[in-house]
Amino acid sequence: MLSLDKSRIPASKEDAARKIDYTVLRPTDTIEQMLMHARNADKLGFRSIVVPPFIVASVKEIVKIPVSTVISFPLGYNSLDVKIEEVRQAHRLGADEVDVVLNISAMKSRSWDYVEKEVKAIAELTRSLGLTSKFIIETSYLSREEIEKASRIIASSGGDYIKTNTGFGSRGVSLEDVIIIRKAVGSGVGIKAAGGIRTALQAILLWGIGADILGTSSALEIYNEYEETLKYIRGSLIE
């Protein structure tokens with residue numbers, strides 16, 4: 001039986017919402033749709049609403065929950081100077097949190113000094129601006145060793161969260177990804193599982209094995225089915 005830590009699993013849909021970043025990053029979403037999602041996220045008390053940079057200011061005007069945005073999304077190829085300016089702009093627009101894609105090519109090249117320099121510079125900047133930082137490593141492209149190394153760099157360089165995936169890679173998050181990261185860094189840094197999370201069952205399993213928060217564009221669906229799913233699996237997967 002899969003071992004789950006039931007203390008990590010939210011007891012209600014309201015508690016679950018407070019551990020989910022309601023994500024609105026589909027390129028086909030219209031501005032009206034994005035604003036509708038933001039209102040829904042705010043009304044139901046989700047942890048944050050994640051939107052593209054261009055609409056941060058508009059969303060900030062209509063919600064009380066934190067507003068997150070993305071940096072160098074989705075491949076992380078921008079230079080450090082450009083990423084720094086993106087973070088500054090996000091702050092000026094009113095963002096409370098930033099989800100930063102690290103340079104995937106640098107990680108695949110094992111250019112760990114470059115990765116560490118990038119994380120340290122951005123983590124220092126976000127702390128000075130009062131922003132929460134989530135660093136996306138895109139596990140779908142990394143080996144186990146690379147996941148471990150990147151995670152340790154984020155943990156030791158001041159990142160608030162290690163985020164698994166963008167949702168635009170070759171796959172979404174796996175249970176194994178979260179287990180690898182948690183074993184690599186312990187409890188000293190948060191884990192945001194993201195990418196391909198569409199059901200309440202997936203959410204429960206990810207929290208139970210070590211994820212702190214989730215990012216998903218299926219936040220509303222998970223919210224609506226959460227308590228029924230939790231009740232159904234209690235006693236089988238959860239003791």
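Read-outs throughout are calculated quantities, based only on the coordinates presented, and are distinct from any laboratory measurement. Remember, it's a predicted structure, so these values are computed and weren't measured experimentally. No Cβ is skipped: glycine too gets one built from the backbone with ideal geometry, and neighbour counts run over all protein chains shown.
Tabulated data for the structure shown
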| item | result |
| --- | --- |
| Prolate/oblate/rounded label for segment 1-123 (Cα gyration tensor, a/c 1.5) | oblate |
| For segment 159-169, Karplus couplings with θ = phi - 60° (6.51, -1.76, 1.60), whole Hz, Gly/Pro x | x, 7, 9, 9, 9, 6, 8, 8, x, 10, x |
| Entries of 13/149; 43/120; 6/192 with Cα pairs more than 29 Å apart | 13/149; 43/120 |
| Farthest positive-ward along segment 83-239 dipole, Cα basis, beta-carbon charges - from 105, 172, 202 | 105 |
| For segment 52-126, convex hull of alpha carbons as volume per residue, Å³ | 77 |
| Under the Karplus curve 6.51 cos²θ - 1.76 cosθ + 1.60, θ = phi - 60°, whole-Hz ³J(HN,Hα) for segment 147-154, x wherever Gly or Pro sits | 4, 4, 5, 4, 5, 5, 5, 4 |
| MRE, 222 nm, helices only [DSSP H, n ≥ 4, -39500 (n - 2.57), over the chain, to nearest 500] | -14000 deg cm²/dmol |
| For segment 18-83, alpha-carbon Rg over 2.2 N^0.38 Å | 1.14 |
| Cleavage-rule hits, GluC sites (Glu not before Pro), segment 3-82, DSSP coil, Cβ neighbours within 10 Å at most 14 | 61 |
| Distant alpha-carbon pairs in segment 77-211 (separation over 18 angstrom), percent | 51 |
| With eigenvalues of the C-alpha gyration tensor scaled by 5 and rooted, segment 140-236, Å | 25, 14, 12 |
| Point-charge dipole on Cβ atoms (K/R +1, D/E -1) for the chain, about Cα centre, debye to 20 | 220 |
| Kirkwood estimate for the chain, i.e. one over the average of 1/r between Cα atoms, Å | 17.8 |
| Karplus (6.51, -1.76, 1.60) ³J(HN,Hα), θ = phi - 60°, over segment 83-91, in Hz, Gly and Pro reported as x | 4, 4, 5, 4, 5, 4, 5, 4, 5 |
